[in-house]
Amino acid sequence: MEKLVITGQTPLKGEVTISGAKNAAVAILPATLLIDGVCTIENIPNISDVKISCEILEKLGAKITWNTPNEITIDTRNINTTVAPLDLTRKFRASYYIVGAMLGRKGKIQVGMPGGCKLGARPIDQHIKGFEALGATVEVEKGNITATADKLVGNSVYMDVVSVGATINVMLSAVLAEGTTVIDNAAKEPHIVDVANFLNTMGADIRGAGTDIIKINGVKKLSGNSTYSVVPDQIEAGTFMLAAVASKGDILIKNCITKHLESITAKIIEVGGQVEDYGDSIRVWCDRRPGKANIKTLPYPGFPTDLQPQMGVVLSIAEGTSIINESIWESRFQYTEELNKMGAKITAQGKSAFFEGVDKLYSAPVYSTDLRAGAALIIAGIIAEGETEIYNLEHIDRGYENIEEKFRNLGAKIKRIKE
Ligand code: EPU
């Protein structure tokens with residue numbers, strides 16, 4: 001078992017370079033199944049969710065070459081099975097994208113029911129509704145999803161909830177369908193635009209990604225033969241922005257798209273942090289105890305649920321009482337119990353949590369309950385008095401590349417120990 005040991009009370013100072021976006025990469029990789037050819041993807045984050053995605057693609061017949069730790073070439077000319085490795089697909093969430101992509105490529109696929117962070121109910125009814133609207137038959141039985149279609153035909157799909165996964169998945173299934181698909185009430189996250197840009201670079205015809213209406217004109221074939229670079233990770237950038245505020249530090253965050261960070265910037269300024277925006281990098285610093293703020297998580301361009309726990313650390317030491325309302329996931333306050341072990345005073349009730357700010361946090365052994373909870377606990381360890389131990393690192397490794405090295409370069413006293 002591995003743990004992180006952090007000696008706290010360090011203001012983070014210096015520069016950090018953001019990696020490619022996890023939630024874009026884990027969709028772009030399955031999207032390569034729609035290509036009957038070879039493509040190269042740059043700025044791939046080297047994280048465990050990406051490695052599992054690659055393993056699944058290889059089991060389906062793709063040939064993957066790692067040119068560098070952050071660049072791969074994928075040859076998808078020989079996709080030779082319609083059954084994905086069930087155990088691997090159960091390991092993480094984004095395996096549901098195999099369904100949309102393989103419906104497009106082969107008209108048939110079986111995958112294990114997707115796993116991923118335990119954040120409460122994670123239904124896939126909107127994905128299924130979209131596939132069925134295009135003419136597929138979908139069965140969910142004995143922990144597996146089986147989808148088949150003799151032919152996919154474009155249609156109108158209205159999303160009853162704004163869903164990142166369902167928007168991307170229906171887009172994937174529509175790329176090679178006959179005719180036009182219109183997704184209404186689509187999600188607008190930067191990674192949705194990135195997946196659409198990737199597919200268009202490979203020969204698809206997708207318009208409107210980034211707005212709530214996406215139109216996909218089906219094409220006959222995606223031939224690839226192109227190189228694409230994954231968008232910088234909005235959530236990783238936001239994690240370091242909030243770490244700068246919590247630790248009263250001063251960080252220049254490089255390789256990010258600051259337009260994607262506006263909701264975070266607004267809240268940082270509200271709590272007394274300072275921000276200088278250079279377009280593709282952003283400097284965040286804070287020289288005072290943060291003030292209180294109320295947050296409601298929302299789909300993009302609202303405040304992202306994936307930064308809610310990291311913001312929670314800032315509010316746990318803020319002057320006054322703050323409220324966070326979590327509107328996306330029903331169980332995303334599990335980290336508050338861990339922060340309370342470190343001296344925070346947080347009461348979580350249903351979709352809301354009340355943060356009575358304390359002067360400081362103290363070290364304690366804590367457990368990462370999911371990916372972003374893990375990032376929040378690292379920030380908590382960096383600002384806490386004493387030596388904090390963090391367990392369950394597999395969650396953190398799923399989504400953050402070289403996380404302790406990046407924090408160490410900013411001055412954090414953090415080491416990974418094998419027990
Ligand atoms: N929902 C439905 N039906 C569906 C799909 C979703 O009711 O068919 C509901 C969900 O229960 C949730 C809301 O819609 O209440 C939004 O879910 P969404 O589908 O947008 O989430 P997701 O696609 O499963 C992705 C990210 C999550 C991130 C959410 C929200 C990936 C692989 N995962 O999940 O990322 O929290 O969007 O932005 O892209 C993370 O990176 O830590 C993470 C959990």
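Tell me the carbon and sulfur percent of the accessible area for the stretch 22-229, rounded to whole percent, probe radius 1.4 Å. Write down the numbers at each step before the final one.
Working: 3640 of 7830 Å².
Summing carbon and sulfur atoms, their accessible area is 46 percent of the total for the stretch 22-229.
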(request) Per DSSP H run of at least 4 residues, take -39500 (n - 2.57); add these up for the chain, divide by its residues and hand me the 222 nm value, nearest 500 deg cm²/dmol. (result) -9500 deg cm²/dmol
(request) Quick one: angle between helix 371-383 and the longest Cα principal axis of the chain, in degrees between 0 and 90, rounded to 10, please. (result) 20
(message) Under 10 Å, Cα contacts only: if you run a Gaussian network model on the chain, which one of GLU71, GLU132, GLU141 comes out with the highest mean-square fluctuation?
(response) GLU141
(message) Quick check: at a probe of 1.4 Å, how many percent of the accessible area of the stretch 271-323 sits on carbon and sulfur atoms?
(response) 49
(message) Just want the answer: with Cβ charges of +1 for Lys and Arg and -1 for Asp and Glu, which residue in ASN46, GLY61, ALA364 is farthest toward the dipole's positive end in the chain?
(response) GLY61
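When the solvent-accessible surface of protein heavy atoms is calculated with a 1.4 angstrom probe, in what order do MET159, MET1 fall, highest first? Provide the component values of the computation, followed by the final result.
Values: MET159 0, MET1 140 Å².
Sorted by accessible area, descending: MET1, MET159.
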(message) How much of the pair distance distribution for the stretch 53-106 lies past 18 Å, counting alpha-carbon pairs only, in percent?
(response) 32
(request) Please label the shape of the stretch 74-177 as rounded, prolate or oblate, based on the square roots a ≥ b ≥ c of the eigenvalues of the alpha-carbon gyration tensor (a/c under 1.5 means rounded; beyond that, a/b larger than b/c means prolate, else oblate). (result) oblate
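Using the heavy atoms of the protein chains and a 1.4 angstrom probe, tell me the accessible area per residue for the stretch 361-419 in square angstrom.
Details: 2160 Å² over 59 residues.
Heavy-atom accessible area per residue stands at 37 Å².
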(request) Using only protein heavy atoms and a 1.4 Å probe, report how much of GLU330 is accessible, in Å² to the nearest 10. (result) 110
(request) Any chance you could look up the accessible area of HIS395 with a 1.4 Å probe, heavy atoms only, rounded to 10 Å²? (result) 40
(request) Please give the per residue accessible area of the stretch 140-226, computed with a probe of 1.4 Å over protein heavy atoms only, in Å². (result) 41
(request) Pull up the DSSP beta bridges for the stretch 22-229 and report the antiparallel fraction as a percent, rounded to 5. (result) 70
(message) Taking the 0 to 90 degree range and rounding to the nearest ten, how far is the long axis of helix 48-59 tilted relative to the main principal axis of the chain, both from C-alpha atoms?
(response) 20
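When you have a sec, figure out the Kirkwood radius of the chain from all distinct Cα pair distances and drop it here in Å to one decimal? Present the calculation step by step, with values, prior to reporting the outcome.
Numbers: mean 1/r = 0.0461 Å⁻¹.
Evaluated over the chain, this radius sits at 21.7 Å.
Treating only the Cβ atoms of Lys and Arg (+1) and Asp and Glu (-1) as charged, compute the dipole magnitude of the chain about its Cα centre; round to the nearest 20 debye.
On the way: 45 positive and 49 negative charges, 58 e Å.
Value, rounded to 20: 280 debye.
Let me check against my output: what whole-number percent is the relative contact order of the chain, with C-alpha pairs under 8 Å and at least 6 apart? Write down the numbers at each step before the final one.
Working: 1091 pairs, mean separation 88.0, N = 419.
With pairs under 8 Å counted, the relative contact order is 21 percent.
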(message) Taking the 0 to 90 degree range and rounding to the nearest ten, how far is the long axis of helix 96-106 tilted relative to the main principal axis of the chain, both from C-alpha atoms?
(response) 20
(request) Grab the other residues whose beta carbon is less than 10 angstrom from that of ALA348, score K and R as +1, D and E as -1, and report the net. (result) 0
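Give the percent of DSSP beta bridges with both residues in the chain that are antiparallel, rounded to the nearest 5. Can you show the working numbers first?
Numbers: 57 of 81 bridges.
Looking only at bridges with both residues in the chain, the antiparallel portion is about 70 percent.
Greater than 23 Å separation of Cα atoms is the criterion. Which listed pairs, LYS13/LYS415; LYS106/LYS221; LYS118/LYS215; LYS3/LYS341; LYS91/LYS188; LYS188/LYS267, meet it?
Numbers: LYS13/LYS415 18 Å; LYS106/LYS221 12 Å; LYS118/LYS215 32 Å; LYS3/LYS341 17 Å; LYS91/LYS188 26 Å; LYS188/LYS267 20 Å.
Where the Cα-Cα span goes over 23 Å, the pairs concerned are LYS118/LYS215; LYS91/LYS188.
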(message) In Å and on Cα atoms, what radius of gyration and Dmax does the stretch 267-369 show?
(response) 13.8, 39
(request) Take the Cα pairs of the stretch 172-277, get the Kirkwood Rh, then feed it into Stokes-Einstein at 10 °C and 1.306 mPa s and tell me D in µm²/s. (result) 100
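Is the shape of the stretch 22-229 rounded, prolate or oblate, going by the alpha carbon gyration tensor and its root eigenvalues a ≥ b ≥ c, with a/c under 1.5 for rounded and a/b larger than b/c for prolate?
On the way: a/c = 1.30, a/b = 1.13, b/c = 1.15.
In terms of gyration-tensor shape, rounded.
Using Cα pairs under 8 angstrom and six or more residues apart, how large is the relative contact order of the stretch 22-229, in percent?
Values: 490 pairs, mean separation 44.5, N = 208.
Contact order relative to length: 21 percent.
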(request) Set Lys and Arg Cβ to +1 and Asp and Glu Cβ to -1, take the dipole of the chain about its Cα centre, and tell me which of GLY273, ILE35, ILE235 lies farthest positive. (result) ILE35
(request) Kindly report, to the nearest 10 Å², the accessible surface of ARG416 as traced by a 1.4 Å probe over protein heavy atoms only. (result) 70
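The values are calculated or read from the model by the stated rules, or taken from the named source; none is laboratory data. All values derive from a computational prediction rather than experimental measurement. Here the Cβ is made from the backbone with ideal geometry for all residues, glycine too, and neighbour counts use every protein chain on show. Side chains are part of the model used for accessible areas, which takes the heavy atoms of the whole protein and leaves out ligands, DNA and RNA. Shrake-Rupley method; radii C 1.70, N 1.55, O 1.52, S 1.80 Å.
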